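Have a look at the structure below, then the notes.
The values are calculated or read from the model by the stated rules, or taken from the named source; none is laboratory data. Remember, it's a predicted structure, so these values are computed and weren't measured experimentally. With ideal geometry, Cβ positions are generated from the backbone for all residues, glycine too; neighbour counts draw on all protein chains shown. Protein only, heavy atoms only, side chains kept; ligands, DNA and RNA dropped before computing areas. Shrake-Rupley method; radii C 1.70, N 1.55, O 1.52, S 1.80 Å.
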Amino acid sequence: MPIFGIISGSGFYDIPGLEITDSVKLSTPYGEPSDVYRIGSLSGKEMAFLPRHGTMHHIQPHKINYRANIWGFRELGVKRIISISASGGINIEMNPGMITVPDQLIDMTEGRQSTFYDEDEVVHIDLTEPFCPDMRSYILKASQKSGVALTGTGVYICTNGPRLETAAEIKAFSMLGADMVGMTAMQEAVLARELEICFAGISVITNYAAGIAGKRLSAAEVVETMQGSSEKVSLLLKDFFALDFPEPACSCWKALKDARI
Ligand code: HPA
């Protein structure tokens, strides 16, 4: 049973160095995940890998079945998920090509299925720290080991998409304290927490967000920058998974304890 999961997005459709041994098609109580889960090993650790937009990148961010994706990881026995995503830099210090490990989230999505608890049971999960602090500290350790520089904090604002933002929206998000903007991290973080799975993200800044650099944005620059960063992200992942993972020091794995009414 893989303990680790990797979920990745735009421009990052496979994990270099991941030796795939199996693929598993799952169907969950919430519907179909984005793709089959590829089971393999990286740095000696067994893991399950899922591309959130599907292998053909055919699922838009607002149409991803986040519940099925995260539930599928749980069915496979995954206890820790690393998400790889692209984001636009709002903070002027977030330059394209930079690798970040966000520590906070702001939700600007709408109409997405964002909970497993929308029937009989009332559960208010704590999301004070939306990304697992334990996993984040391991990513920072891997950065030191691999020499891959990263920014270890940042506020990720999650928009609904699929359209990009207006310059005025980005200016407003900047005033709200956002450092980067993407379209996927919110639901993954909350759903993982509801299942008591540790979750952290590596987000590559692929472009300056709308209005920051005074030019139009293109999907091509997002994919190109993501692909250009894939070697650094792979090195980071290789050293991350080579670490020893003792019992988690975080509280993600007992998140439901104080959440039920
Ligand atoms: N906005 C929203 N999502 C993104 C961006 C952006 O500028 N870049 C990469 N994902």
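Determine which single condition Lys171 fails, assuming it passes every other condition in (1) open to solvent by less than 60 Å² (accessible area, probe 1.4 Å); (2) within 14 Å of the ligand (Cβ to nearest atom); (3) more than 14 Å from the chain's Cα centre (by Cα).
Only one criterion in (1) open to solvent by less than 60 Å² (accessible area, probe 1.4 Å); (2) within 14 Å of the ligand (Cβ to nearest atom); (3) more than 14 Å from the chain's Cα centre (by Cα) is unmet by Lys171, namely (1).
Name the residues in segment 252-261 that are open to solvent by 40 Å² or more (accessible area, probe 1.4 Å) and under 14 Å from Leu195 (Cβ atoms), would you?
Scanning segment 252-261 gives Trp253, Lys254, Lys257.
Just the residues that are more than 11 Å from Ile202 (Cα to Cα) and either open to solvent by 20 Å² or more (accessible area, probe 1.4 Å) or charged (D, E, K, R) (or both), please, taken from segment 144-160.
Result: Gln144, Lys145, Ser146, Gly147, Ala149, Val155, Asn160.
Are there any pairs, at least 6 apart or on different chains, whose C-beta atoms fall under 9 Å, with the first in segment 161-179 and touching a residue at least 24 places away in the same chain (Cβ under 8 Å) and the second open to solvent by 50 Å² or more (accessible area, probe 1.4 Å) and in a helix (DSSP H, G or I), and if so, which?
From residues that are touching a residue at least 24 places away in the same chain (Cβ under 8 Å), the pairs are Gly161/His62; Pro162/His62; Pro162/Lys63; Leu164/Ala219.
Hey, can you tell me all the residues within segment 33-52 that are surrounded by 21 or more Cβ atoms within 10 Å (Cβ to Cβ) and among the hydrophobic types (A, V, I, L, M, F, W, C)?
Answer for segment 33-52, where residues must be surrounded by 21 or more Cβ atoms within 10 Å (Cβ to Cβ) and among the hydrophobic types (A, V, I, L, M, F, W, C): Leu42, Met47, Ala48, Phe49, Leu50.
Looking for whichever is within 20 Å of Phe4 (Cβ to Cβ), open to solvent by less than 40 Å² (accessible area, probe 1.4 Å) and out of contact with any Cys (no Cβ under 7 Å at 6 or more places or on another chain) here; the options are Glu247, Glu188. Which one fits?
Among Glu247, Glu188, only Glu188 is within 20 Å of Phe4 (Cβ to Cβ), open to solvent by less than 40 Å² (accessible area, probe 1.4 Å) and out of contact with any Cys (no Cβ under 7 Å at 6 or more places or on another chain).
Of the residues in segment 75-104, how many are within 12 Å of the ligand (Cβ to nearest atom) and either basic (Lys, Arg) or surrounded by fewer than 20 Cβ atoms within 10 Å (Cβ to Cβ) (or both)?
Total satisfying the criteria: 1.
Tally up the residues in segment 181-239 that are free of Cβ contacts under 8 Å to residues at least 40 places away in the same chain and of a type in the set (D, E, K, R), please.
Of the residues in that region, 2 qualify.
Of all residues being over 16 Å from the mean Cα position of the chain (by Cα) and of a type outside the set (Val, Ile, Thr) in segment 46-56, which is nearest to the ligand (Cβ to nearest atom)? Just the residue, please.
Met56
Please work out if Ile59 is at negative phi and either open to solvent by less than 20 Å² (accessible area, probe 1.4 Å) or under 15 Å from the mean Cα position of the chain (by Cα) (or both).
So Ile59 fails the test.
Among the residues of segment 219-233, are any assigned to a loop (DSSP other than H, G, I, E, B), polar (S, T, N, Q), within 20 Å of the chain's Cα centre (by Cα) and at pLDDT 90 or above?
yes
Ser203 passes all but one of (1) open to solvent by 40 Å² or more (accessible area, probe 1.4 Å); (2) in a strand (DSSP E or B); which number fails?
All conditions are met except number (1).
Could you identify the single residue in Leu140, Leu191 that is out of contact with any helix residue (DSSP H, G or I) (no Cβ under 9 Å at 6 or more places or on another chain) and either more than 16 Å from the ligand (Cβ to nearest atom) or part of a helix (DSSP H, G or I) (or both)?
One residue alone meets the criteria, Leu140.
Would you pick out the residues in segment 176-185 that are part of a helix (DSSP H, G or I) and crowded, with 24+ Cβ neighbours inside 10 Å?
The one that is part of a helix (DSSP H, G or I) and crowded, with 24+ Cβ neighbours inside 10 Å: Ala185.
Say whether the condition of being touching a Gly at 6+ places or on another chain (Cβ under 7 Å) and modelled with pLDDT of 95 or more is met by at least one residue in segment 109-130.
no
In this structure, does Asp107 turn out to be within 16 Å of the ligand (Cβ to nearest atom), farther than 20 Å from Ala242 by Cα and of a type in the set (Asp, Glu)?
Spelling it out, Asp107 is indeed within 16 Å of the ligand (Cβ to nearest atom), farther than 20 Å from Ala242 by Cα and of a type in the set (Asp, Glu).
Could you figure out which of (1) among the polar types (S, T, N, Q); (2) over 21 Å from Ser230 (Cα atoms); (3) open to solvent by less than 20 Å² (accessible area, probe 1.4 Å) isn't true of Ser8?
(2)
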